[in-house]
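Participant: The structure under discussion is supplied below as structure tokens; questions concerning it will follow.
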Amino acid sequence: MEGIFARLVVLAASGMLLTGLIVLWRKGVPAYIAAFTWQSWLLSGMTAAVGYLGGEPQLYLVAVILLLLKGIALPALLRATDRRFSTRRELLAYVNTETSLIVGGMLVLFAYVLTEPWMAMTKLPTRAALPVAMALLFVSLFIIVSRKKAITQVIGFLMLENSIALLAVVGTYGVPLLVELGVFLDALMGFLVMQIFLYDIHETFETLEVDQLARLKH
Amino acid sequence: MAELSAVVAQTLLAVMLAPGLVGLIRWIKARLQSRRGAPPWQIYFELRKLFAKEIVISRTASWLFRAAPLIVFGTSVVVASLVPLVFIPVAFDRTGDLFAAVYLLLLGTFFLALAGLDTGSAFGGMGSSREMTVVALTEPTVALSIFALALTAGSTNLGVIATRTLADPGMALGPAHVLGFPALFIVALAESGRLPIDNPSTHLELTMIHEAMVLEYSGPYLALIEWASALKFFLLLALAANLFVPWGIAQSLAPLDLLAGFAALTVKMAILAVAVAVLETRVAKLRLFRVPELLSASFVLALLAVMSTMFVR
């Protein structure tokens, strides 16, 4: 039972990592939003599974909030934002797709090396997912720094938030509920603030490419 | 002795069924595109027609041009005898190595590229250059997805990998299998010149890869090459099917087991044929400069598959 549980957790975590890598590969904001939605659903399902098998009933509540907030509400908001600001499908990045993907692979390797001592210490059945969660964290950071459009960077930030939640779930079976709720609220507030910023950037510069922010208002 | 004849029968079965698979995919594709399409067995008539035609060879062609079709067909047949299709050979399995199978197929590709250059036609050279570009990008992925399977099974032997997965069904749910399968599938499409990378049904000079290489061939030589590439495609798909999802494959030579193994192989290949046909109907051919993106994505998948074997340990 524990073996299958551990495998399912690693599988779900790998799925989340894959959705992160899809952002490095695909072009176009709708694909990114779809990837983020999948990632949130996977995270929610996995949180519920860890809650069931780890005997932590409070994780059910976390899973439901995750599903409602990150699986349904935030993707809808993102889609609305994209509809309002969408200019062209082809997205710009500082690093080309091939290099991004290879860098993504290297980051996963780095995460594995980094978490090795931690893996040796812990005896949790979910420990195999730790390097995957850490890898997702690095990949989302890479998405934030390597993309030119502000909306893609916002998606990178949300994925970063997802990876931290994943790390909390597989590393410690979830942090106390109060802290979790605080984090959700922070993420939501952060997203709303960024939404306002996106709107302002678009108003001022008529583009969402952060390259353009270097020059002064025309 | 019984096993030897079974291996020979299995090889012949693969050689005979391979064009049928390609024909089936063409037929499903035609149906999906609301055309009537030629029946799946049409391709056998085409091969027979080609075998009856005369051979026209350019005056500038050397012995390589004549040898290449035989080498390509020969290596494919040898690989067909290594891959577990209907049953898992035990005594004859010493040579059934994943590396041997993949690199024998590559040897055929290599000679085909040489033959494309041999006649000195512009198309042949262009096709060879493109094919080598694609193969150079797919090779690391093939090696890595093999490593991922070999690391989980503890052996590069094809039969052993299939047997291990049969003994521990949970392994097929492990990330090594889940990530390795799409990687190998993309590479199989690339190596056999299927749609997102190369379009097998057109001779458009700007985009063709495989067709450009074999443009100078005619008659029986062309038939051999077409047959060999169908066989290669069949084998790559069978390899993906039987290594990642080995259920149903016969582990003994009992007639009932063999029958079940044959049925399982047919079902698996039919599912893959439908998948390929749907994929080829839905996607357009990638621009040549976009191909490396897809192939590096499959490379990263394979890399993750290898690394996941380290995570799970």
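The values are calculated or read from the model by the stated rules, or taken from the named source; none is laboratory data. Note that the structure is predicted; figures quoted are calculated from it, not measured. Here the Cβ positions follow ideal geometry from the backbone for every residue, glycine too, while neighbour counts run over all protein chains shown.
Participant: How many residues are out of contact with any Phe, Trp or Tyr (no Cβ under 9 Å at 6 or more places or on another chain) and assigned to a helix (DSSP H, G or I) when one looks only at the range B:51-65?
Facilitator: 3
Participant: Further question: Tally the residues that are in a helix (DSSP H, G or I), surrounded by fewer than 22 Cβ atoms within 10 Å (Cβ to Cβ) and in contact (Cβ under 8 Å) with a residue 24 or more places away in the chain, restricting the search to the range A:48-72.
Facilitator: Taking the range A:48-72 and keeping what is in a helix (DSSP H, G or I), we get A:48-54, A:58-72.
Filter once more, keeping what is surrounded by fewer than 22 Cβ atoms within 10 Å (Cβ to Cβ): A:48-49, A:51-54, A:58, A:60-61, A:64-65, A:67-69, A:72.
This time we only want the ones that are in contact (Cβ under 8 Å) with a residue 24 or more places away in the chain, so: A:49, A:51, A:53-54, A:58, A:61, A:65, A:67, A:69.
Number of matching residues: 9.
Participant: Now for a separate question. Consider the range B:20-50. How many of its residues are out of contact with any Pro (no Cβ under 9 Å at 6 or more places or on another chain) and either part of a helix (DSSP H, G or I) or under 22 Å from B:Val214 (Cα atoms) (or both)?
Facilitator: 8
Participant: Same structure again: For the range A:100-218, give me every one of the helices (runs of 4 or more DSSP H) that falls completely inside it and has 2 or more residues that are on the phi > 0 side of the Ramachandran plot, in contact with a strand residue (DSSP E or B) (Cβ under 8 Å, 6 or more places away or on another chain) and surrounded by fewer than 17 Cβ atoms within 10 Å (Cβ to Cβ). Write out each step before concluding.
Facilitator: Values: elements: A:130-146, A:150-172, A:177-205.
Answer list for the range A:100-218: none.
Participant: I'm checking my understanding of the structure. Among residues of the range B:257-285 that are small (Gly, Ala, Ser) and in contact with a strand residue (DSSP E or B) (Cβ under 7 Å, 6 or more places away or on another chain), which one is surrounded by the most Cβ atoms within 10 Å (Cβ to Cβ)?
Facilitator: B:Gly261
Participant: Within 12 Å of chain B (Cβ to nearest Cβ), without any contact (Cβ under 8 Å) to a residue 40 or more places away in the chain and surrounded by fewer than 21 Cβ atoms within 10 Å (Cβ to Cβ) - does that describe any residue in the range A:87-97?
Facilitator: yes
Participant: In the range B:111-134, which residue that is free of Cβ contacts under 8 Å to residues at least 12 places away in the same chain and not hydroxyl-bearing (Ser, Thr, Tyr) is farthest from B:His177 (Cα to Cα)?
Facilitator: Only one residue tops the list, namely B:Ala122.
Participant: Out of the range B:216-267, which residues are touching a Gly at 6+ places or on another chain (Cβ under 8 Å) and of a type in the set (Phe, Trp, Tyr)? Step through it out loud before you land on a result.
Facilitator: Pass one, the range B:216-267, residues touching a Gly at 6+ places or on another chain (Cβ under 8 Å): B:216, B:228-229, B:232, B:244, B:248-250, B:260-261, B:263-265, B:267.
Answer for the range B:216-267, where residues must be touching a Gly at 6+ places or on another chain (Cβ under 8 Å) and of a type in the set (Phe, Trp, Tyr): just B:Phe244.
Okay, residues lined up against (1) among the small types (Gly, Ala, Ser); (2) modelled with pLDDT of 85 or more; (3) over 19 Å from the mean Cα position of the chain (by Cα):
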site	(1), (2), (3)
A:Leu42	no, yes, no
A:Leu53	no, no, yes
A:Pro57	no, no, yes
A:Gly71	yes, yes, no
A:Arg84	no, no, yes
A:Arg89	no, no, yes
A:Leu107	no, yes, no
A:Lys123	no, no, yes
A:Leu136	no, yes, no
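Participant: Among the residues of the range B:241-251, is there at least one that is over 17 Å from B:Ala80 (Cβ atoms), within 14 Å of another protein chain (Cβ to nearest Cβ) and without any contact (Cβ under 8 Å) to a residue 60 or more places away in the chain?
Facilitator: Scanning the range B:241-251 turns up no residue that is over 17 Å from B:Ala80 (Cβ atoms), within 14 Å of another protein chain (Cβ to nearest Cβ) and without any contact (Cβ under 8 Å) to a residue 60 or more places away in the chain.
Participant: Go through the residues of the range B:214-229 one by one and say whether even a single one is surrounded by fewer than 24 Cβ atoms within 10 Å (Cβ to Cβ), on the phi < 0 side of the Ramachandran plot and touching a His at 6+ places or on another chain (Cβ under 9 Å).
Facilitator: yes
Participant: Separate question: What number of residues within the range A:2-47 satisfy the criterion of being assigned to a loop (DSSP other than H, G, I, E, B) and in contact (Cβ under 8 Å) with a residue 12 or more places away in the chain?
Facilitator: From the range A:2-47, those assigned to a loop (DSSP other than H, G, I, E, B) are A:26-28; that's our starting set.
Now restrict to residues that are in contact (Cβ under 8 Å) with a residue 12 or more places away in the chain: A:27-28.
Within the range A:2-47, residues that are assigned to a loop (DSSP other than H, G, I, E, B) and in contact (Cβ under 8 Å) with a residue 12 or more places away in the chain number 2.
Participant: While we're on this one: Could you tell me whether the range B:85-92 includes any residue that is closer than 30 Å to B:Thr156 by Cα, within 14 Å of the chain's Cα centre (by Cα) and not in a helix (DSSP H, G or I)?
Facilitator: Pass one, the range B:85-92, residues closer than 30 Å to B:Thr156 by Cα: B:85-92.
Narrowing further to those that are within 14 Å of the chain's Cα centre (by Cα): B:85.
Filter again for not in a helix (DSSP H, G or I), leaving B:85.
Within the range B:85-92, one or more residues are closer than 30 Å to B:Thr156 by Cα, within 14 Å of the chain's Cα centre (by Cα) and not in a helix (DSSP H, G or I).
Participant: Report, by residue number, each residue of the range A:98-137 that is among the small types (Gly, Ala, Ser), within 11 Å of chain B (Cβ to nearest Cβ) and either without any contact (Cβ under 8 Å) to a residue 12 or more places away in the chain or farther than 22 Å from A:Val50 by Cα (or both).
Facilitator: A:Ser100, A:Gly104, A:Gly105, A:Ala111, listed by residue number.
Participant: Further, regarding this structure: Could you say which residue among B:Ala270, B:Ala284, B:Ala305, B:Ala275 is away from every other protein chain (no Cβ under 11 Å) and under 20 Å from B:Ala183 (Cβ atoms)? Give the derivation first.
Facilitator: On the way: B:Ala270 fails: under 20 Å from B:Ala183 (Cβ atoms); B:Ala284 fails: under 20 Å from B:Ala183 (Cβ atoms); B:Ala305 fails: away from every other protein chain (no Cβ under 11 Å).
Unique residue meeting the criteria: B:Ala275.
Participant: Now for a separate question. Inside the range B:1-28, can you point out the residues that are of a type in the set (D, E, K, R) and either free of Cβ contacts under 8 Å to residues at least 12 places away in the same chain or touching a Leu at 6+ places or on another chain (Cβ under 9 Å) (or both)?
Facilitator: In the first step, residues of the range B:1-28 are kept if they are of a type in the set (D, E, K, R); the result is B:3, B:26.
Residue satisfying the conditions is B:Glu3 alone.
Participant: For A:Val179, indicate whether it is free of Cβ contacts under 8 Å to residues at least 60 places away in the same chain, within 13 Å of chain B (Cβ to nearest Cβ) and not basic (Lys, Arg).
Facilitator: Values: free of Cβ contacts under 8 Å to residues at least 60 places away in the same chain: yes; within 13 Å of chain B (Cβ to nearest Cβ): no; not basic (Lys, Arg): yes.
Taking the combined requirement at face value, the residue does not satisfy it.
Participant: Cβ-Cβ under 8 Å, sequence separation 6+ or interchain: first residue in the range B:135-151 and in contact (Cβ under 8 Å) with a residue 24 or more places away in the chain, partner assigned to a helix (DSSP H, G or I) and among the polar types (S, T, N, Q). Which pairs?
Facilitator: Matching pairs, first to second residue: B:Val135/B:Thr109; B:Leu137/B:Ser296; B:Thr138/B:Ser298; B:Thr141/B:Ser298; B:Ala148/B:Ser308; B:Ala148/B:Thr309; B:Leu151/B:Thr309.
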